[in-house]
Amino acid sequence: MQFIVTKRLLPIIPDGLCVEHVLPEPDGITIFVRPQYSSVPCPCCHAPSSRVHSRYERRLADLPWQGRPVILRLQARRFLCREAGCPKRTFAERLPGIVHPSARRSERLVDIQRHIALALGGEAGGRLVQRLAMPVSADTLLRLATMAPRVDAPAPRVLGVDEWAWRKGHRYGTILVDLERGDVVDLLPDRDASSFAAWLRAHPGVEVIVRDRADVYADGARQGAARAVHVADRWHLLRNLGDAVCAAVGAHHAAVRRAATSCASAGAPPVTLAPAKPSARDMRKAATHAPRHARYAEARRLADAGATVSAIARSCALDRKTVRAWLRDGGPGTWARPPSGGGILAPYLEHLEYRWAEGQRNATALWREIGGRGFTGGRSTVRAWATSRRRTSPDTLNARPSKADTWKPPSIRGVARLLQADRKALAEADRMFVDTLLAGIPALSDVRDLAHRFAALVRKQGTGTLNDWLAATAGTSLEGFASGLRKDLAAVQAALETPWSTGPVEGRINRLKTIKRTMYGRAGFELLRSRTLHAA
């Protein structure tokens, strides 16, 4: 059935089109439209023309209407160009803002599908647009995401740069972040100084470059933005310090092991047996008996207060004989079953107890032993007996001290962390180990003091200067680390004086990894770059 719908009643039609009629169908809605302009400019000479050469029909997919797909059947026109110098004699009218030439989807539909593709990717986006009555293939969505137009933004003033892994340990790319706005500016497909320098030359205006201390980005920044201020990342400075302290500790490996062994033997706690953990059955049994014990406690309280047996019985809703029995026996009693004869295990209990006393705790081994003596039951029966046996009596043969009471000697890197940590924050055993270590290796005392001073400078909590600290490292194990800092002294000094760091860059790298994982590692660089740049 066809019916007339005016533009006033159908406001979903793009501007510039007139509705002629609407044809509802079971699988969608078809809307017949025509352009409302009488003249259009020639795409070659831009002269307006109103002389129609011919007409033809275009079928365009548009935004859905109330959950139903919409097809626009557009009566398009070809015009004659009357300009004598124009090489075109006829031309198809353009509909800017409505549909691109030769396209079969309206611009606004393509825009919605592109945003879905950028957010979800191909397969997930394809499932969503199908439910939203805007069906399109996953490949088309990926193509739309890859071809998404770049957002024009001014060149960043403060640029953060770091690497990200295509394949960890094999291939890396570069991410560039505007630290003032917090947005990803661009991705580079490699980790080369020349690529970074070329990008900087193409985007003049960068005044501050925040980077790690790797030579790649330092060289690229000097080549592409010679006047920019370099800022070394503070986290990388502290990491480099930790590596230097670790190397200093490793040079005294034997002495460190001796100190650790001494502390471990001196501080070894006595072996204590942890109480057996109640089973689920025991916990259910205790919950069942809890109300009876509560009523006994109330009866005991009333009896101690001088109440008669009848009064107690009325107050606790018990029989008088029950009250007398509870008060006489000193408890409510239990509903425990009489001990069984052992069931199918009865003929073999003596052997099991004997082997248990000898130290055999493996239920499977016990099951095999009594199987040779004629036992026909399953392994689970012996395992249940062994479990019950462990609960009824603590196992003194296999006792182990609890983790809270043991002190494990740290690794070389662990020792380095203890030396860099605040003494007040260390456990008592760790403090004793550090004191023993420093007493045996005086050179590490200087390393610890210098490490604390440098960390305070990086965290802007120190009172000295970087130059004072560098001078103090002479003749110590940190002299090599200080020599490396001198090669990049301006960037390190800027790190101590400015608030910039690559922390926001690391956050954007985590987002990039998430996007990369959603595409199962199959995305090409352009698609990954487009989705990362348009990520919310």
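Computed from the coordinates by the stated procedures, all read-outs in this text should not be read as laboratory data. Remember, predicted model here, so these are calculated numbers, not experimental data. Neighbour counts are summed over all protein chains in view; Cβ atoms, including those assigned to glycine, are modelled from backbone coordinates with ideal geometry.
With each label modelled as a point 7 angstrom along the Cα→C-beta vector, the SER38-HIS170 pair spans 6.7 nm. Using only side-chain charges placed at the Cβ, +1 for Lys and Arg and -1 for Asp and Glu, the dipole size of the stretch 339-380 relative to its Cα centre rounds to 180 debye. Residue-normalised convex hull volume from the C-alpha trace of the chain: 400 Å³ per residue.
A simple spin-label model places pseudo-atoms 7 Å from Cα toward Cβ; at THR463 and GLU497 they are separated by 2.3 nm. If I fit a long axis through the Cα atoms of helix 503-518 and take the longest principal axis of the Cα atoms of the chain, what angle between them do I get, 0 to 90°, rounded to 10? Roughly 80 degrees between the two axes.
Among beta bridges from DSSP that stay inside the chain, the antiparallel ones total about 75%. Axis angle, to the nearest 10 degrees, between helix 193-202 and the longest C-alpha principal axis of the chain: 50 degrees. Shown for THR532, THR376: other C-beta atoms within 10 Å of each C-beta, ranked fewest to most, produce the order THR376, THR532. Here's how it looks for TRP65: its modeled amide H is under 5 Å from those of VAL70, which are all 5 or more places away or on a different chain. Between ASP190 and GLU526, the contour length at 0.36 nm per residue exceeds the Cα-Cα span by 119.7 nm. For the stretch 291-336, the fraction of C-alpha pairs farther apart than 12 angstrom is 54 percent. Residue order for PHE525, PHE79, PHE433, fewest other beta carbons within 10 angstrom first, comes to PHE525, PHE79, PHE433.
Normalising the average separation of contacting C-alpha pairs (under 8 angstrom, six or more residues apart) by the number of residues puts the relative contact order of the chain at 14 percent. Rg/Rh, computed from the Cα trace of the stretch 17-104 with Rh as the Kirkwood radius, has the value 1.06.
For TRP166, the residues 5 or more places off, or on other chains, whose built amide H falls under 5 Å of its own are ARG171, TYR172, GLY173. Helical runs assigned H by DSSP (4 residues or longer) give the chain a calculated mean residue ellipticity at 222 nm of -14000 deg cm²/dmol, each run adding -39500 (n - 2.57) before division by the residue total. Taking other Cβ atoms within 10 Å as a rough exposure proxy, TYR348, TYR172 sort from fewest to most as TYR172, TYR348. Between GLU107 and ALA290, the simple spin-label model (points 7 angstrom out along Cα→Cβ) gives 7.0 nm.
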